[in-house]
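First the structure, in the form of structure tokens, and then the observations on it.
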Amino acid sequence: MKKLLLAVLVLAVIGVGSYYYFCDKDVKTFSLDVNAKSPAPIQTQAKLKNIDNLKNQKLAAQRGTVGQYIAEDLLGEENKNLLTTFEKYVDAISALRQQKVRAVVMDEMPAKRFVNDVKGLVIMKQELSVENYAIGFKKGNAELLNRVNQALKDIKADGTLNKIFEKYYNGDLDKINPAEIDFNLNATGGKLVIGTEAGFAPYELRVGESYIGIDVEMCAAIAKALVIENMNFDALPMAVSTGKVDMICAGITVTDERKQNMDFSDDYVEGAKQVAVVLADDYEE
Amino acid sequence: MTMRNSNNKFSRGDYFLWAFAVIILVLLFQSGFFTAEAWQDFGRRFYQNFVYQERYMMLVNGLRSTIFMTSFATLIGLVVGVIVSVIRVAHEGGVHIPVLNAIANCYVAALRGTPVMVQLLIWNFTVFASARDLNTQYIAILAFGLNSGAYIAEIFRGGIGSIDRGQMEAARSLGLSYGTSMRFVILPQAIRNVIPMLFNEFIVLLKETSVAGYIGIDDLTRAGQNIQALTMEHSQPLLMVALIYLVIVMFLSSLVRRLEKYLSRSKRG
């Protein structure tokens, strides 16, 4: 134990010493910052030019999302084993940066956030699909569905929804204070439980012990007492159909396939895009 | 032992240690670890991940929830495990309880034969499907508790089996009933033998609760993932989570070692 301590101590002394030694010199070795370092250029393959190039490439998507279905369609039956699905977007982006996959199929808004903050990534110009987001309900839960639709209409009409969109599309997510969102927790007459996956900026994010995001504020605006359950995206349909949560709101795209298993409210986001995120060095417009 | 070792100039272990340290140093040096940029950058990312907006509190709360779940799950496991193991041992020892014994056997087989994550999902989405007002943490405690109960039952069965048969025979020949001899003669000795293994079960459980995020509990692992979603950085939150688990497990392991020493000393005396 003492020897180990000694070794660590020596390491620390050398570390700190060399830190001060190099401090005022302009040493240009490569940085350890994964976010600042652009990945090694890919020379063996031709650069990606358009969506069609992705058809025989390794792709990544978040499990259970429309991105996964689009990637599956893109690859077709013969190449379907080229798709890797991940629980979280962060994992998919990491796989891309380590060149384990060539593109990540994901929603445009979170993609933009990644591209802004992580160097060396770009979004391919051509989008993969355009779609709408809505809130999902248990099949046949018409009463709640109608009430939520009415509430959605109201907040669309009085501009509340637009204000929320502006706040998140233009503002800095780091500056939004979750304490300012009113969840009406003391309201009487029952509570509304929603299921979400809090890793989908700017729609829902976990901040400390609370949540922020477009979906979160929208639900807070239409609910009396809002309780949020944070789970994995692929668990959401199960949660709403078993009645664990009253509704699910997580930037969920309305698809015909999903309509068979749950009911949807009116759309609250129209024209959301699915895009492919690729490495900047690997893309040629 | 320690005296002689420290008087020696270098033992073989020392050479390995120094060689290892030198290799690490060279590798770090080559990768640019000792440059000012790298350190400033490390600091900036560290600040982003853990300090800014008090994000370390997410890890602290996650850790609290992990320890909360693990502790209560171990308690449930302990109670269930003792009962199940006593049923099985008593049946083998000649007490006629075939139905109870069959239930206990099924319980152990089913819960040891399926992954804990599958059990967790079944408890949450199938058994307690409509339990909306129940805190998910309690469901997780039940799931982990019953799971570890099956393992603890096996630990106890081994512990009871390790007590010399003469103990039971002596107690019975003194006129004590089977139950009384089990409670006051066999179990106290068995418990002393299995305490270190129970602590190990606690350590295993602590790591197993990392799948609780799947049913929406913000345990330590999930807290790290939440930070990842906020900062979009992959490595630092994960490594920090791993470090926290490692420190706790190493601390608990050292406790177990001390406990083992203590128990074996009192046995001799």
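FYI, it's all coordinate maths here, none of it is from the lab. The structure presented is a predicted model; accordingly, all values stated were derived computationally and were not measured. Note that we place each Cβ from the backbone using ideal geometry, even for glycine, and neighbour counts take in every protein chain shown.
Under the definition of Cα pairs under 8 Å and six or more residues apart, what whole-number percent is the relative contact order of the stretch A:177-258?
This gives 39 percent for the stretch A:177-258.
Rounded, prolate or oblate, given the Cα gyration tensor of the stretch B:2-151, with a/c below 1.5 counting as rounded?
In terms of gyration-tensor shape, oblate.
What percent do you get for the relative contact order of the stretch B:57-268 when only Cα pairs under 8 Å and 6+ apart count?
30
For the protein assembly as shown, with the dipole built from +1 on Lys and Arg beta-carbon atoms and -1 on Asp and Glu ones, taken about the Cα centre, which of B:178, A:149, B:71 lies farthest toward the positive end?
B:178
How long is the stretch A:119-190 along each principal axis, judged by its Cα atoms, biggest number first, in Å?
Over the stretch A:119-190, Cα extents along the principal axes are 50, 33, 23 Å.
For every helix of n ≥ 4 consecutive DSSP H residues, a contribution of -39,500 (n - 2.57) applies; sum these over chain B, divide by its total residues, and give [θ] at 222 nm rounded to the nearest 500 deg cm²/dmol.
-25000 deg cm²/dmol
Of A:278, A:240, A:136, which is farthest towards the positive pole of chain A's charge dipole, taken about the Cα centre with +1 and -1 on the beta-carbons of Lys, Arg and Asp, Glu respectively?
Going by the Cα projections, it comes out as A:278.
State the antiparallel share, in %, of DSSP beta bridges confined to the protein assembly as shown, rounding to the nearest 5.
60
Using modelled backbone amide H atoms (1.01 Å from N, in-plane), which distant-in-sequence or interchain residues come within less than 5 Å of residue A:83's amide H?
A:59
Charges on Cβ only, +1 for Lys and Arg, -1 for Asp and Glu, centred on the Cα centroid of chain A; of A:260, A:64, A:45, which one is farthest towards the dipole's positive end?
With unit charges placed on the Cβ atoms, the residue in question is A:45.
Test of understanding: what is the full-extension gain from residue A:50 to residue A:280, defined as 0.36 nm times their sequence separation minus their Cα-Cα distance?
Computed gain between residue A:50 and residue A:280 is 81.5 nm.
Return the Rg/Rh value of the protein assembly as shown, two decimal places, where both radii are evaluated on C-alpha atoms and Rh is the Kirkwood radius.
Computed over Cα atoms, the ratio is 1.04.
Looking at the square roots a ≥ b ≥ c of the eigenvalues of the Cα gyration tensor of chain B, which shape do they give, rounded for a/c under 1.5, prolate if a/b is larger than b/c, or oblate?
oblate
Report Rg(Cα)/(2.2 N^0.38 Å) for chain A, keeping two decimals.
With N residues counted in chain A, Rg over 2.2 N^0.38 Å equals 1.20.
Give a quick list of GluC sites (Glu not before Pro) in the stretch A:135-210 that DSSP marks as loop, anything other than H, G, I, E or B, with at most 14 other Cβ atoms within 10 Å.
Those that pass, being in a loop and sparsely packed, are A:209.
Please report, in debye to the nearest 20, how large the charge dipole of the stretch B:57-268 is about its Cα centre when each Lys and Arg carries +1 at its beta carbon and each Asp and Glu carries -1 there.
For the stretch B:57-268, the charge dipole is close to 740 debye.
Using packing as a proxy for protection, rank A:239-250, B:190-201 so that the peptide with the highest average count of other Cβ atoms within 10 Å comes first.
For the peptides A:239-250, B:190-201, the packing ranking is A:239-250, B:190-201.
Where in chain A are the DSSP H helices whose C-alpha atoms run 15 Å or more along the long axis and whose mean Kyte hydropathy is at least 0.5?
Membrane-span-like by this criterion, though nothing is claimed about a membrane: A:2-23.
With each run of n ≥ 4 DSSP H residues scored as -39500 (n - 2.57), what mean residue ellipticity at 222 nm is computed for chain A after dividing by its residue count and rounding to the nearest 500 deg cm²/dmol?
-10000 deg cm²/dmol
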